[in-house]
Structures are given as structure tokens and as C-alpha cells.
Amino acid sequence: MNDTETKSTETKSADVKSSDEKRVGVFVCECGVNIGGVVNTKAVADYVAALPGVKVTSVNKFTCSDSGQADIQQKIKEHNLNRVVVAACSPKTHEPTFRACIEEMGLNQYFLEFVNIRDHCSWIHMWEKEKATEKAKDLVRMGIERSKLLEPLEASEVPVNDTALVVGGGVAGMQAALDLGDMGFKVYLVEKEPSIGGRMARFDKVFPTNDCSICILGPKMVEVARNKNITIMSYSEVKEVEGFVGNFNVKIEHKSRYLDINMCTGCAKCSEVCPVEVPYDFNEGFGTRKAIYVSFPQAVPLRAVLDMENCIKCKACAKACERGAINYEMQPTYTDLNVGVIIAAVGFKTYDPEPRHDFGYGLYDNVITAMEFERLLNAAGPTGGHIVRPSDCKEPIRVGFVNCVGSRDKNTNIYCSGVCCMYTIKNAQLLKEKRPETDHTIMYIDIRTPFRGYEETYNRARNLGVKFLRGRPVEVKEDPTTKNICVRVEDTLAGEIRNLEFDLLVLATGVVPHEGINQIQQLLKLSKAADGLLMEAHPKLRPVDTTIDGVYLAGAASGPKDIPYAVSQGSACASRATILLKNRKAITEGITAVVDPDVCVGCGVCLPMCPFQAIKMDEKEKKANVMKALCKGCGTCVTACPTGALEQSHFKNSQILAQVKNVFKFPEVAA
Amino acid sequence: MTFEPNILSFCCNWCSYAGADLAGVSRFQYPPNIRIIRVMCSGRVEPAFILEALKNGADGVLVTGCHIRDCHYIEGNKNAEIRINNTKKALEKLGLDKRLRLEWVSASEGARFAEVVRDFTEEIKKLGQNPVKEVKINE
């Protein structure tokens, strides 16, 4: 019913407007030299000035600047414009700016037509200035023709449920949950592992201060558990997401721990009696854990989990458990949540050098990754903090470090992981401090130490006697008798080939997306960048937003980050989300499908086209009806409609055809 | 004079339009024969738009959308695929089917967008002028 009301006002205003003369103003932006350096903007403005309906044209150095926008507003007033065409950069970044600009002058914001002559013209035809200018003229002409057919629309307001879902209980997700919880909003924190804490829980010490990682993370984990507004859903995964900003329906699967989490106290008596030992994943496969275990001593929640894959069902644990918490038949359970916003802090994994045998990893015992080194270094690790080499458990004297493994390499990932230089320096330093007799050589491409205290850490390591060799190993071999690692490397600063022998070689593996990232990307409809990690709405100005309203990104899932950066992003997400949670409403685009009931024959072809179930058939009237709140405005149903009863507002057939017909001008068409 | 084809492209707002933006930001150069029309979803591209384009001077039409399973609207691109394939079949009878192409380009595939445009432009160059256009000019 609401729909017909809106429709009638739309038709009314459209009628009024169509009788009105279309008065178009065209504003061509030079974007400094970005456009002006290639496209002859003056020629474009002169050309379009002669087109029917164009009342005024203007060329600005920066149309988005204060003076550029003032120029638009002044010309709207002077020339009584009712359509504004801005030929500039991308509507993906600047459309909201100019919509707001014309709206201030009382024009409906949908009377703006945005033409992209930078990203789609000047930047990609840098050496073909004349052709670029001709193309810009065509693009602006298309925009002008479309603008004349634009109709006013109203953006709609949707209510926002003031609850948040945070996916990922690493340090970024924990921070987001804590900030939101402290602001008084209900938060569900979903973590796929049995405990929150993420990768940071596995680090030994963290640069540049060399704090004990779990000592600073542990209290934060407890704080999350204590926060009355936060519900931790550990060992759980997001399975379904439906809905839109303010109103997401999410299905969470709680994987079976095969024990009652409310009965378990984490006493670990079950682990003591369990006869099955498997490699301990938390320690990167060093040492063993039992088939029933608590993931690590500081785990939150401190509860056991039974790894059914390795369980032999001897039932020793069930006998040992004083509280009778164990249930071998337990099935996964599900929770349906309704949340207003979603923060994805889904984390990363470190590059796995095993399949390619980078630098002999997987072939030679004494080549290990930095994460493995980190666990060996840790007092709670498999060796109680003693660095030993895997082949003979002897303490190594000569330790080599190879940087950029899985980073800055055309064969694996071209990007810099950003954290490896620093953690390698830290690792070398920690071992040097522990055992001064050790000898360390870091083989690097470049040493990158941005941010406070990082360069100082590098200097400290140099002063301690850690050697830095600029070069990448070209050959890594194992001495079959000693199991020592022989490295052939070009010292590119000295200009000579060096043959070095190490007792242990440590690979600084980079940051890569983990396997679960595709699932969350598809569930939340996010974009992925070329590096396989998730993409933000704008790399500079909207670093934690996504193109989906109400969905935010924190932590290394959107690019390699160190801990302070990830924590800041967690807080940033909480702050961005609060705008919606506090206002309890969100503004959504006015672009939807619209039915003309006079033309609709009720054939129902459109119904299965809509994946959002936004079209309902009025059985009595035999007319399709679009629920505006559910319609996302893709226009797929419109294309399917055989009678033309369905139209997509702002992308009507006539509006698109105006562009199609005017793109390649023909003399005889013009005549 | 070498033949410079007119190419019209429909890009979905979420993936391929952003991919084209990224090609620009990355300064990946490609031939200036192409003109882009933004639609919200590749599923919005009507066969009629393609026919109108071929009638109105386009030598080739390139429809681009999100990769399958990545569609912002879940499966608009699947509908696009069916429609474009059917349109291609219809165009086959007119000998115009090679002038229509459907490609998936994600928001991060700026290089791929440029490559697709280069490749399609070359192909249309080889095909020569759209015969429908010739008739029109001779009229």
C-alpha cells in the first residue's frame, strides 16, 4: 500500500517535471592534472555547451573542492538548473559529495548524473590525448541525455537493531567487541577455534617492546569474557547471513565439543587420562596434545574440547570427568541471531612453505618457520623456552634467518607482509639475549622498520651483534652427517657470494589469507583484493568500511597488519558501527524496482528472479508487488519482465537507452 | 586508415565498474574505443540494450559482472549469463554473435579489466565494422 502511495507521488512529480523544461548544468573537473593533463576539458565543455538542454558549462580545477561545489550551487541558482552533470572521477567515491551539494540547493539528489572521465578515460589513455578528449565528449553527452530523464527519488530509512556480531576472536575482533560492549551495546563474538585470542595468543613476545604476548593478551581475553554485554560463541561458525543493514539474520553453528560446556570446568583431568597423543597444533605441531584437551592454559573459555577424529572412544575421559560433562553423541547446535551490524575480523594465517619446499622446508629437519621458532622460544612451549633444533634437540649456535618467505616474491605473493622484518629482528634479539654465545645472520631484501620504536629495535639488534646480510639465499642444502644447513647467498652490498653454514635456519613466513576467508566473503558479499584478502570500501578514506552497509573489516583479514594497527582497526570498527547502533536507523538507497500495476499481467516471471523474496504476488488482484524494504535494487527482475511493467528506478529502460543511443553519434541520427 | 571500432560496455556497479576504476587508478592503459555504462548488476542488462547498441553504431558490446558466487545480489550474474547466452544464440543467426561478449571481472582485477578490453577490441578490429551499421550509413 505504501508502495502505491510512493508511486503516485513519484508519477505526479515526474509529470510535473516532464512538462518542465530540462535545464542542465555541466561541470567538468580537471582534477588538477589528473584529467586536465590529458583531456582538453575546455574543448569538452565547449562541445557540450551546444547540446540541447545544456544551459551552462563550467570547468574547475577541482570540482569537489569548496570553490568547485560553490560554483555548482551558484550556477544552479543563476541558471535555475534542474539537472546537474558532473564529469570528474568515479561515482564510487564522489557521488555522495555532489548529491549532498545539489540537495543543499533544494534539488533532489537523484538529479545528479556522474560521468567518469578520469578512471575510465584520462588515466587509461594517458598517451592518446586527442582520442581521450573525444571519448570524454561522448561520455559527457551520454550523461547529459540520461540526466534529462532522471526522476526524483527518496532515500528510505530503515530501523537498526542495536546488537552487533563480531566474527573472529583475535585481538582485532576482541577490541571491537570490548569497545561496543563498553558503550552498552549487545555483542556476539563468534570464534571458530575453541578459545578466543587468535594468532596473538601463540606469539612468544611482541615487538618493539618485547612484552610477553599472552601476558598482555590474557587479561584482555578475560575482560571480554567478563563483559556483561558480550556473549562469546567459541568453537562456532557463521553459516548463513541474510538481510541488510540494521537487520541481518545470521545462523551460527556451534560445533560439538562432545562435552557440556556449562558442566566442564577446564580442570583437564580428562586430558590426563586420555591415551591418545596427536601433534599439538597450538605449538605448530611440536610436541603433542591429547584427543581431549584444553587448547592452551590461558584459553577463554577455559573448557575442554574432544577431537572426535582422533578419539578411540575408550571412555577413559568420561570416567575421569567428575561432573559427567562428556557426551560422545553430542551434535552441533545452531543459534539464530538478528543483528544490526557485522564486524568481520577473520584474521590470517602464515604462509606455508611446505608444498614448495621453500629454502628446504619440509626436506631438511633444521629448517623451521618463524611461528615454530616462536613456540620454541615460549616458556609454555614444547621445550620450555629452549631453542633446540629438530634433528638432534641440540641448542643451535649459528642461526640463520631468511626474510620475505612467501612475500615480495613473484612465485608466491608479491606484496610485503609488513611484520616479518620486525619479528625476525625480535626473534634474533631474544635468542641473543638468552644465549649470548649464539651467532645470528638475518638475510634480507630490505629491512623495513616504520612506526615508533621499530628502527630503535633494529639498532638494538645490530648493537647486540646480530648480523644483517642483504641477499636472498639461492641454494639451501643439508649436510647429511651433521644435518647442518649450508646456504649459498649473494651479499649484494659487498658484491660477493658467501657460503654459510647454520645449525638452524628460520624462515620469516608472510601473512596470507586463511582457508575460511572465501566462505565469509561469500556470506557477507564482500570483495576480495588481488592478494586474496578482503577489500575495504576505500583504501584511504574508508579503511574499515565495506561496500556493504553495516559490515566492517578489522585486522589482518584486509591486509597484513601488526598488533597496534589491528587493535586500532577493531576500535575504528566499533566507532563506525556505533553511528548506526546509536542512531538506530540507517539511510538506504532509493533505487528499487517499481511495478506499474496497470501494465502488470501477474504472470509471475519476476518472482523467482529475486533472491531476496522482495516480490510478492497479490493473488486477488493478480499483480506483482515489490516490498521496498527488501528490494536491493539490482534490476534483475526488471530485465525478466515481459510486459515492461517493472522498472528499476534511477536505471529505467529509457534512462539506460538514452545512453546507449547517444554513445556513438551518427550524423543521420543527429539529423 | 585503420578501422577503429566502437565498443560499448555494461559494467556492474560492485565488481566490474570498480575493476575498471582500479584499472584507471593503476594506470593500466587500454584502447580508447570503449564507452562504459554503469548498471547496478549485470542481471539488469536487457537483450534490448544490446540490440539497440548494435543498431546504434556499436561494433561490439562487452557485458561485465562479478564472478559467479561473488554477485552482490547473490545470483544476478547467473541470470545475466543465461540471457547473454540466449542473446548470443539469437545474434548467431544474424552473424553478429561474436560482437557480444560476457566477462567476469572482480573489483580487484584492474589488470584483467584492461586485458579483457584490449583483447575484445582486437577481436572486433579483426571482425571489422558491424554490418548493421553499414546498412544504416548507406541508407
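Take the residues in segment A:586-595 that are out of contact with any helix residue (DSSP H, G or I) (no Cβ under 7 Å at 6 or more places or on another chain) and either at pLDDT 95 or above or part of a loop (DSSP other than H, G, I, E, B) (or both); name whichever of them is surrounded by the most Cβ atoms within 10 Å (Cβ to Cβ).
Start the filter on segment A:586-595 by keeping residues that are out of contact with any helix residue (DSSP H, G or I) (no Cβ under 7 Å at 6 or more places or on another chain), which leaves A:587-589, A:591-592, A:595.
Next, only the ones that are either at pLDDT 95 or above or part of a loop (DSSP other than H, G, I, E, B) (or both) stay: A:589, A:591-592, A:595.
Details: A:Glu589: 15, A:Ile591: 19, A:Thr592: 25, A:Val595: 23.
It comes out as A:Thr592.
Scan segment A:178-211 for residues that are over 25 Å from the mean Cα position of the chain (by Cα), part of a strand (DSSP E or B) and touching a residue at least 24 places away in the same chain (Cβ under 8 Å) and jot them down.
Listed by number, the list holds a single entry, A:Lys205.
What about A:Thr639, is it touching a Pro at 6+ places or on another chain (Cβ under 9 Å) and within 12 Å of chain B (Cβ to nearest Cβ)? Break it down stepwise before answering.
Details: touching a Pro at 6+ places or on another chain (Cβ under 9 Å): yes; within 12 Å of chain B (Cβ to nearest Cβ): yes.
Taking the combined requirement at face value, the residue satisfies it.
Being in a helix (DSSP H, G or I) and among the polar types (S, T, N, Q) is the filter; apply it to segment B:52-90 and report the residue that is nearest to the other protein chains (Cβ to nearest Cβ). Step through it out loud before you land on a result.
The first filter runs over segment B:52-90 and keeps only residues in a helix (DSSP H, G or I), leaving B:52-55, B:76-90.
With the extra rule that they be among the polar types (S, T, N, Q), the set shrinks to B:77, B:79, B:85-87.
Numbers: B:Asn77: 9, B:Asn79: 5, B:Asn85: 14, B:Asn86: 12, B:Thr87: 11 Å.
Per the stated criteria, the residue is B:Asn79.
Select from segment B:63-92 the residues that are of a type in the set (S, T, N, Q), in contact with a helix residue (DSSP H, G or I) (Cβ under 9 Å, 6 or more places away or on another chain) and over 22 Å from A:Phe244 (Cβ atoms) and list them in ascending order.
Initially, segment B:63-92 is screened for residues of a type in the set (S, T, N, Q), giving B:64, B:77, B:79, B:85-87.
Narrowing further to those that are in contact with a helix residue (DSSP H, G or I) (Cβ under 9 Å, 6 or more places away or on another chain): B:64, B:77, B:79, B:86-87.
Passing the criteria: B:Thr64, B:Asn86, B:Thr87.
Which residues, counting only those in segment A:335-381, are in a loop (DSSP other than H, G, I, E, B) and among the aromatic types (Phe, Trp, Tyr)? Reasoning before the result, please.
From segment A:335-381, those in a loop (DSSP other than H, G, I, E, B) are A:340, A:345-348, A:351-357, A:362-363, A:365-366, A:378-381; that's our starting set.
Residues satisfying the conditions are A:Phe348, A:Tyr351.
Here are A:Tyr454, A:Tyr458: which of them is within 22 Å of A:Tyr415 (Cβ to Cβ) and touching a Phe, Trp or Tyr at 6+ places or on another chain (Cβ under 8 Å)? Give the derivation first.
Numbers: A:Tyr458 fails: touching a Phe, Trp or Tyr at 6+ places or on another chain (Cβ under 8 Å).
Only one candidate passes the filter, namely A:Tyr454.
Considering only residues that are more than 17 Å from A:Phe27 (Cα to Cα) and aliphatic (A, V, I, L, M), which ones fall in segment A:114-148?
Hits for segment A:114-148 are A:Ile124, A:Met126, A:Ala132.
Being on the phi < 0 side of the Ramachandran plot, at pLDDT below 90 and under 12 Å from the mean Cα position of the chain (by Cα), is that true of even one residue in segment A:543-561?
Scanning segment A:543-561 turns up at least one residue that is on the phi < 0 side of the Ramachandran plot, at pLDDT below 90 and under 12 Å from the mean Cα position of the chain (by Cα).
Give the residues of segment A:62-100 that are among the basic types (Lys, Arg), touching a strand residue (DSSP E or B) at 6+ places or on another chain (Cβ under 7 Å) and farther than 20 Å from A:Glu21 by Cβ, sorted by residue number.
Pass one, segment A:62-100, residues among the basic types (Lys, Arg): A:75, A:77, A:83, A:92, A:99.
After this cut, where a residue has to be touching a strand residue (DSSP E or B) at 6+ places or on another chain (Cβ under 7 Å) as well, the list is A:75, A:83, A:99.
Matches in segment A:62-100: A:Arg99 only.
Within segment A:340-376, count every residue that is under 28 Å from the mean Cα position of the chain (by Cα) and not charged (D, E, K, R).
Here is the first cut: in segment A:340-376, the residues under 28 Å from the mean Cα position of the chain (by Cα) are A:340-356, A:369-372, A:374.
Add one more test, that the residue is not charged (D, E, K, R), and what stays is A:340-348, A:350-351, A:353, A:355, A:369-371.
Here the count works out to 16.
Residue check: is B:Asn13 within 7 Å of chain A (Cβ to nearest Cβ) and of a type in the set (S, T, N, Q)?
On the way: within 7 Å of chain A (Cβ to nearest Cβ): no; of a type in the set (S, T, N, Q): yes.
So B:Asn13 fails the test.
Under 7 Å between Cβ atoms, which residue pairs at least 6 apart in sequence (or on different chains) link something in segment B:17-38 that is over 17 Å from A:Val115 (Cβ atoms) and more than 7 Å from every other protein chain (Cβ to nearest Cβ) with a partner that is among the charged types (D, E, K, R) and surrounded by 22 or more Cβ atoms within 10 Å (Cβ to Cβ)?
Taking only residues 6 or more apart or on different chains, the pairs are B:Gly19/B:Glu109.
Determine if segment B:125-137 includes at least one residue that is closer than 22 Å to B:Gly19 by Cβ, at pLDDT below 95 and of a type outside the set (Gly, Ala, Ser). Quick ask: steps written out before the conclusion?
First, pick out the residues of segment B:125-137 that are closer than 22 Å to B:Gly19 by Cβ: none.
Taking every residue of segment B:125-137 in turn, none turns out to be closer than 22 Å to B:Gly19 by Cβ, at pLDDT below 95 and of a type outside the set (Gly, Ala, Ser).
I'd like to know if segment A:616-629 contains one or more residues that are within 11 Å of chain B (Cβ to nearest Cβ) and either touching a strand residue (DSSP E or B) at 6+ places or on another chain (Cβ under 9 Å) or of a type in the set (Ser, Thr, Tyr) (or both). Show your work before the answer.
Kept after step one, since they are within 11 Å of chain B (Cβ to nearest Cβ), are these residues of segment A:616-629: none.
Within segment A:616-629 (the criterion being within 11 Å of chain B (Cβ to nearest Cβ) and either touching a strand residue (DSSP E or B) at 6+ places or on another chain (Cβ under 9 Å) or of a type in the set (Ser, Thr, Tyr) (or both)), the answer is no, since none of the residues qualifies.
When residues of segment A:277-291 are filtered for being in a helix (DSSP H, G or I) and among the charged types (D, E, K, R), how many remain? Please lay out each step first, then the result.
From segment A:277-291, those in a helix (DSSP H, G or I) are A:281-283; that's our starting set.
Those left that are additionally among the charged types (D, E, K, R): A:281.
Going through segment A:277-291 one residue at a time, the tally reaches 1.
Could you list all residues from segment A:596-615 that are surrounded by 18 or more Cβ atoms within 10 Å (Cβ to Cβ) and away from every other protein chain (no Cβ under 14 Å)?
A:Cys600
Which count do you get for residues in segment A:102-133 that are more than 26 Å from B:Gln29 (Cα to Cα) and in contact with a Gly (Cβ under 9 Å, 6 or more places away or on another chain)? Break it down stepwise before answering.
Pass one, segment A:102-133, residues more than 26 Å from B:Gln29 (Cα to Cα): A:102-112.
Filter once more, so that each one left must be in contact with a Gly (Cβ under 9 Å, 6 or more places away or on another chain): A:109-110.
Final tally of qualifying residues: 2.
Kindly indicate whether A:Val59 is among the β-branched types (Val, Ile, Thr), farther than 27 Å from A:Thr588 by Cα, in contact with a strand residue (DSSP E or B) (Cβ under 7 Å, 6 or more places away or on another chain) and not in a loop (DSSP other than H, G, I, E, B). Spell out the reasoning first.
Values: among the β-branched types (Val, Ile, Thr): yes; farther than 27 Å from A:Thr588 by Cα: yes; in contact with a strand residue (DSSP E or B) (Cβ under 7 Å, 6 or more places away or on another chain): yes; not in a loop (DSSP other than H, G, I, E, B): yes.
Against the criterion (among the β-branched types (Val, Ile, Thr), farther than 27 Å from A:Thr588 by Cα, in contact with a strand residue (DSSP E or B) (Cβ under 7 Å, 6 or more places away or on another chain) and not in a loop (DSSP other than H, G, I, E, B)), A:Val59 qualifies.
So is A:Ile252 within 34 Å of the chain's Cα centre (by Cα), over 29 Å from A:Asn378 (Cα atoms) and of a type in the set (Val, Ile, Thr) or not?
Numbers: within 34 Å of the chain's Cα centre (by Cα): yes; over 29 Å from A:Asn378 (Cα atoms): yes; of a type in the set (Val, Ile, Thr): yes.
Against the criterion (within 34 Å of the chain's Cα centre (by Cα), over 29 Å from A:Asn378 (Cα atoms) and of a type in the set (Val, Ile, Thr)), A:Ile252 qualifies.
Given the conditions (1) surrounded by fewer than 23 Cβ atoms within 10 Å (Cβ to Cβ); (2) of a type in the set (Lys, Arg); (3) within 7 Å of chain A (Cβ to nearest Cβ), report the number of the one that B:Arg44 does not fulfil.
Result: B:Arg44 passes all but (1).
When you scan segment A:420-427, do you find a residue that is closer than 20 Å to A:Pro208 by Cα and not in a helix (DSSP H, G or I), even just one? Walk me through how you get there before you give the answer.
Step one: filter segment A:420-427 for residues closer than 20 Å to A:Pro208 by Cα, giving A:420-427.
Now restrict to residues that are not in a helix (DSSP H, G or I): none.
Looking through segment A:420-427, none of the residues is closer than 20 Å to A:Pro208 by Cα and not in a helix (DSSP H, G or I).
The values are calculated or read from the model by the stated rules, or taken from the named source; none is laboratory data. Source: prediction; values computed, not measured. Ideal geometry is used to build each Cβ from the backbone, glycine not excepted, and the neighbour counts take in all protein chains shown.
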